[in-house]
1. Would you work out the relative contact order for the stretch 302-441, in percent, from Cα pairs under 8 angstrom that are 6 or more residues apart?
2. First measure r as the distance between the Cβ atoms of TYR370 and LEU21, then evaluate 1/(1 + (r/R0)^6) with R0 = 56 Å and state the FRET efficiency to the nearest 0.05.
3. Of ILE158, TYR200, GLY171, whose Cα points farthest to the positive end of the dipole of the stretch 156-209 (charges on the beta-carbon: +1 Lys, Arg; -1 Asp, Glu; origin at the Cα centre)?
4. Just grab the label-to-label distance for LYS93 and GLU302, each label 7 Å out from Cα along the Cβ direction, in nm (one decimal).
5. Report the local net charge at TYR43: Lys and Arg +1, Asp and Glu -1, summed over other residues whose C-beta lies under 12 Å from its C-beta.
6. Could you name the lysines whose alpha carbon sits less than 27 Å from that of LYS88, not counting residues in the same chain fewer than 8 places away?
7. Points 7 angstrom from Cα along the Cβ direction at VAL173 and THR424: gap in nanometres?
8. With each pseudo-label sitting 7 Å past Cα toward Cβ, what's the GLU393-LEU249 distance in nm, one decimal?
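Here, each number is a calculation from the coordinates, and none is a lab measurement. As the structure is a prediction and not an experimental result, all values here were calculated from the model. Positions of Cβ are backbone-derived with ideal geometry, glycine not excepted, and every protein chain shown enters the neighbour counts.
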Amino acid sequence: MTFRARVISATVGVAALAVLLACLASFLTARNALLHSVDESLYQAAQTTAGHQVGEESQVTGAFFELVFASGQTVPKSNVPIDAIIKKVATGKQGELIRTVQFGGQYYRELIMPLPAHSVVACETGLCEIPTTSAQLFVVNITGQETELRHLVRTLLIVAVAGLALSLILGFVIARTALHPLEEVTDEIERVAETSDMDYRVDEGGPDELGRLRRVFNRLLASVSNSQYLQRQLVLDASHELRTPLTSLRTNAQVLRRARDLSPEDLRQLTDDMVAQVDELAALVTDLGELARGERSEGEPEHLRLDECVDECVDTARTHARVKDITIEATVDASTVLARRDRLVRAVSNLLTNAVKFTPVGGRIEVSSYDGVITVSDSGPGIADEDRAHVFERFWRSAQARSLPGSGLGLSIVAQVVDELGGTVVVDRDPLLGGARFTVSLPTIED
């Protein structure tokens, strides 16, 4: 079922329910009013029976009344059927009763009131005492009222059918009017899907729900457009970064053709260079794989002791720092974060690797961790003020770092992981060591 059909069905359904309830309420109200009026006349007749002879018709209410004995006999005799219910009232087994009956092709309203034994009623000789229990039966003809109720039912049925037809017409009109702006938005979205033009923007409209839908769609287009731009930029930057080691490898491979003309020392230097270039390519591919994950990594995060992860990364970094006689001092306090272990370890390791790379021989690195905050400081040259805004960009490398090995993706991965964990990372200059200081702040959780 289409959305238009659902709107029409809902409109017709609500209108039909309202019409039917209104008709039912009108019928019940009219019926209750008529019956209440008749019942009042019967009770009025019952109150005025004193002084009236049995079998006499009330000139005020038009009600006829008679006595009914336990045997079913009546005084006076009449054509009113005496059934088991009337007999039960006459024998004292049932209390007062009012009901509607039909006989002789006419509708009547009956009020049956029990009389105890030795009751005195007016009769032809004056007052008569009835030795047994009996009942007074008051009857009034309501055929006219029933006829009026039938006319009312037919009228209400006509009104209900007309209301349903009107609601169907209104449903079509309302659906067409209400869904027209939505169809316009759908057409614009289909146009974007057909042309793949992510720079297209729909008219945002007013502050209503459709306007909100248009604004959300524009934000989606902007997000997709930005994502496409970043993908293209990543491909261009990656191809640029891959060109240099591949060109060097190609040159060294061409030199290997003359391996017989090279000395053992030159040949060993050449193969070492090629191994280093292959390692650089492997590191670049690994970093590109990390960045390709986007802002969300695979797998479920877990509760991690941040201090244990930092200690693990520091132990690994110390094996590389020994080559340059660099001292790494760590001060960690226990705290817990929600993260994936491999991603968190990769981010902290990248910070330490970056610090080792730029710290001179015999230098010092200080690492601290407390309450979700990780600080990595080094005694290197630091980062210039004008370069701090670019250090987390992909493939960006400062002028002093271009001669060093690396892809320029390490800090980009750090920023990506920290953003995924809902934290922040900033860089400034350490006032004591004089080098760069990276500060990562992550939200903590209770143990």
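1. On the way: 260 pairs, mean separation 34.3, N = 140.
Relative contact order here is 25 percent.
2. 0.25
3. ILE158
4. With each label point 7 Å from Cα toward Cβ, the separation is 8.2 nm.
5. Taking every Cβ under 12 Å from that of TYR43, the sum is -2.
6. LYS77
7. Once both label points are built, they end up 5.8 nm from each other.
8. 2.8 nm
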